[in-house]
1. Once the Cα atoms of helix 3-20 and of the chain are each reduced to a long axis, what angle between those two axes, in degrees from 0 to 90 to the nearest 10, is obtained?
2. For every helix of n ≥ 4 consecutive DSSP H residues, a contribution of -39,500 (n - 2.57) applies; sum these over the chain, divide by its total residues, and give [θ] at 222 nm rounded to the nearest 500 deg cm²/dmol.
3. Full-extension gain between Lys27 and Leu10, please, as 0.36 nm times their residue separation minus the C-alpha to C-alpha distance.
4. Please enumerate, by chain and number, the aspartates and glutamates with C-alpha under 19 Å from the C-alpha of Lys64, excluding those fewer than 8 residues away in the same chain.
5. What percent do you get for the relative contact order of the chain when only Cα pairs under 8 Å and 6+ apart count?
6. In whole percent, how big is the carbon plus sulfur part of the accessible area of the chain, probe 1.4 Å, protein atoms only?
7. Taking the Cα centre of the stretch 2-65 as the origin, how large is its charge dipole in debye, to the nearest 20, when only Lys and Arg (+1) and Asp and Glu (-1) carry charge on their Cβ atoms?
8. Residue by residue, what Karplus-based ³J(HN,Hα) values in Hz, rounded to whole numbers, does the stretch 29-43 have, using 6.51, -1.76 and 1.60 with θ = phi - 60° and x for Gly and Pro?
Amino acid sequence: SNFYDYVNALRVKACVERLRSGDYQVKTLEALSQESGFQSRSTFIRAFKKIQGITPRDFVQGIKD
């Protein structure tokens, strides 16, 4: 694990907390990713999948179910 992996893990954790709080209902995933510090949608999705094991969209679907 390097510095960027550590920072991305913190960013993903912040985004997961916001998703669990229901922010996905009023904001897009892209907006939440930018608020968590990601500048690129693809970087966000890649980091999220690496850390959570699923895509952000699948994660939200799991919350809704």
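1. 10 degrees
2. On the way: 4 runs with 46 residues, N = 65.
Here the helix-only value at 222 nm equals -21500 deg cm²/dmol.
3. Details: separation 17, 0.36 × 17 = 6.12 nm, distance 1.99 nm.
Separation in residues times 0.36 nm, less the Cα-Cα distance, equals 4.1 nm.
4. Correct list for Lys64: Glu17, Asp23, Glu30.
5. Details: 37 pairs, mean separation 19.9, N = 65.
Once divided by the residue count of the chain, the mean separation gives 31 percent.
6. Working: 2200 of 4510 Å².
The computed percentage sits at 49.
7. On the way: 11 positive and 7 negative charges, 20 e Å.
Its charge dipole is roughly 100 debye.
8. Working through the residues one at a time gives 4, 5, 5, 5, 5, 5, 5, 8, x, 7, 8, 10, 5, 5, 5 Hz.
The values are calculated or read from the model by the stated rules, or taken from the named source; none is laboratory data. Here the structure is a predicted model, which means the values were calculated and not measured. Cβ coordinates were reconstructed from backbone atoms using ideal geometry, including for glycine residues, and neighbour counts include every protein chain displayed. For the accessible areas, the whole protein counts, side chains as well, though only heavy atoms, and no ligand, DNA or RNA atoms are used. Shrake-Rupley method; radii C 1.70, N 1.55, O 1.52, S 1.80 Å.
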